[in-house]
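Here is the structure we will look at, set down as structure tokens.
Please treat every number below as a calculation from the coordinates, not as lab data. These figures come from a predicted structure and were not determined experimentally. Glycine also receives a Cβ, built like all others from the backbone with ideal geometry; neighbour counts cover every protein chain displayed.
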Amino acid sequence: MAKPILCLDFDGVIHGYDSGWQGADNVTDPPVEGAIAFLAEAVQSFRVAIYSTRSHQPGGINAMQDWLRAALGDAMDKPDADRLFSAIEWPTEKPPAMVSLDDRALTFTGKWPPVGALLAFRPWNKGG
């Protein structure tokens, strides 16, 4: 049986994103605490796809891949880092995921939220 797809946003989920948007090809901050350990566990049960607003922009996927290779290299030995990196997919369109993790999304429950609540939304790392 094929593994289900887990779609992970990059900025604010894997990449700390404290510096904010610096361009699609510029990734400057360290990983979110626990992100590398989570990736290592998630690839055991899911096809992990990293999809971002960077994914369709020139240099975006290469920048994310370079950053992740470095972050994995800092966190584990090279064979383990290479194995984990090779298990991750980099789609240019949002994949048909079983579940997604994104710092700027809400779960739709069948009831529409008040527009004011959407306007007041803040991601977890901005006090939300």
Complete set of residues in the range 13-34 that are farther than 17 Å from Ala97 by Cβ and buried (at least 18 other Cβ atoms within 10 Å of the Cβ)
His15, Tyr17, Ala24, Val27, Pro31, Val32
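I'd like the residue in the range 96-128 that is of a type in the set (S, T, N, Q) and under 16 Å from the mean Cα position of the chain (by Cα) and, out of all such residues, is surrounded by the most Cβ atoms within 10 Å (Cβ to Cβ).
Checking each candidate, the answer is Ser100.
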So Val48 clears everything in (1) part of a loop (DSSP other than H, G, I, E, B); (2) under 14 Å from Glu89 (Cα atoms) except one condition, right? Which one?
(1)
Out of the range 73-92, which residues are of a type outside the set (Gly, Ala, Ser), in a helix (DSSP H, G or I) and over 14 Å from the mean Cα position of the chain (by Cα)?
Asp74, Lys78, Pro79, Asp80, Asp82, Arg83, Leu84
Kindly provide the set of residues from the range 39-95 that are of a type in the set (Val, Ile, Thr) and surrounded by 14 or more Cβ atoms within 10 Å (Cβ to Cβ), ordered by number.
Val43, Val48, Ile50, Ile61, Ile88
Over the range 1-49, the set of residues within 20 Å of Met76 (Cα to Cα) and touching a Leu at 6+ places or on another chain (Cβ under 7 Å) is Val13, Ile14, Ile36, Leu39, Ala40, Ala42, Val43, Val48
Close pairs from the range 100-128: first part of a strand (DSSP E or B), partner basic (Lys, Arg), Cβ under 9 Å, at least 6 apart:
Ser100/Lys94
